[in-house]
């Protein structure tokens with residue numbers, strides 16, 4: 001069980017897989033941050049931790065069920081002349097859920113619900129219902145993560161440790177990322193738009209239409225960089241306007 005400790009290849013696989021798991025977990029962090037923003041402030045951090053804990057538990061359970069994972073590739077039925085396996089079905093349903101959920105959140109944000117009704121809706125948001133939604137999407141995100149792990153590492157302990165490292169990093173990063181998204185509505189809208197794009201990619205993957213995630217993450221990173229420049233510009237403009245008004249008075 002511990003033979004891998006003496007293997008340099010296993011250690012390389014461990015660090016490579018942990019890094020990839022962190023990258024693959026970015027969309028999970030964003031989704032969790034947006035969901036928990038509907039809860040009262042005092043409940044958000046615990047929801048983030050429990051949500052990421054569910055993600056870790058789901059991934060480890062799926063890893064320990066490798067035989068079941070392998071059977072998911074067997075076709076169940078044909079849809080639009082394409083064979084659909086259990087894995088494809090999970091990806092399609094998860095992608096549709098992500099598109100619908102993110103679309104609803106985006107429409108509410110554009111309508112200005114965040115400014116008028118957000119406080120009221122957060123009080124009404126069910127803590128358990130939020131965790132259920134996180135758990136459902138964790139299954140979809142975890143399936144992708146587990147398939148990546150199986151393709152990179154050969155030892156189950158290496159995969160489990162890599163997942164634990166990645167989730168630990170995500171737990172540390174979840175609060176600052178969530179707070180930043182909450183305090184910058186345009187970043188939240190951008191994140192929701194990318195979650196819709198990820199949902200489309202999941203549906204496409206379910207129909208064997210591969211959209212490289214590297215392209216999605218590159219576009220996401222570039223767009224976030226541009227939006228950060230816009231936020232900085234708006235702050236400088238507001239500061240300049242305040243200084244101008246002070247000098248005139």
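Of all residues in segment 118-145, how many are at pLDDT below 70 and within 16 Å of the chain's Cα centre (by Cα)? Give the derivation first.
Applying the first criterion (at pLDDT below 70) to segment 118-145 yields 118-125, 143-145.
Okay, now just the ones that are also within 16 Å of the chain's Cα centre (by Cα), so 143-145.
Total meeting the criteria: 3.
What residue, among those in segment 55-81 that are over 16 Å from residue 160 (Cβ atoms) and either in contact with a helix residue (DSSP H, G or I) (Cβ under 8 Å, 6 or more places away or on another chain) or in a helix (DSSP H, G or I) (or both), is modelled with the highest pLDDT?
Ranking the qualifying residues of segment 55-81, first place goes to 76.
Whether any residue in segment 218-238 is in contact with a helix residue (DSSP H, G or I) (Cβ under 6 Å, 6 or more places away or on another chain), buried (at least 18 other Cβ atoms within 10 Å of the Cβ) and in contact (Cβ under 8 Å) with a residue 24 or more places away in the chain is what I want to check.
Among the residues of segment 218-238, at least one is in contact with a helix residue (DSSP H, G or I) (Cβ under 6 Å, 6 or more places away or on another chain), buried (at least 18 other Cβ atoms within 10 Å of the Cβ) and in contact (Cβ under 8 Å) with a residue 24 or more places away in the chain, which makes the answer yes.
Tell me the residue from 189, 208 that is touching a helix residue (DSSP H, G or I) at 6+ places or on another chain (Cβ under 8 Å), at pLDDT 80 or above and closer than 18 Å to residue 97 by Cα, please.
Checking each option against the conditions leaves just 189.
Can you spot a residue in segment 109-116 that is modelled with pLDDT under 80 and buried (at least 17 other Cβ atoms within 10 Å of the Cβ)? So that I can check it myself, show each step before the final result.
Quick first cut of segment 109-116, residues modelled with pLDDT under 80 only: 109-116.
Of the ones still in play, those that are also buried (at least 17 other Cβ atoms within 10 Å of the Cβ) are 109, 114.
Yes: segment 109-116 contains one or more residues that are modelled with pLDDT under 80 and buried (at least 17 other Cβ atoms within 10 Å of the Cβ).
The values are calculated or read from the model by the stated rules, or taken from the named source; none is laboratory data. Keep in mind that this is a model prediction, so the values were computed, not measured. Don't worry about glycine lacking a Cβ; one is built from the backbone with ideal geometry, like all the others, and counts go over all protein chains shown.
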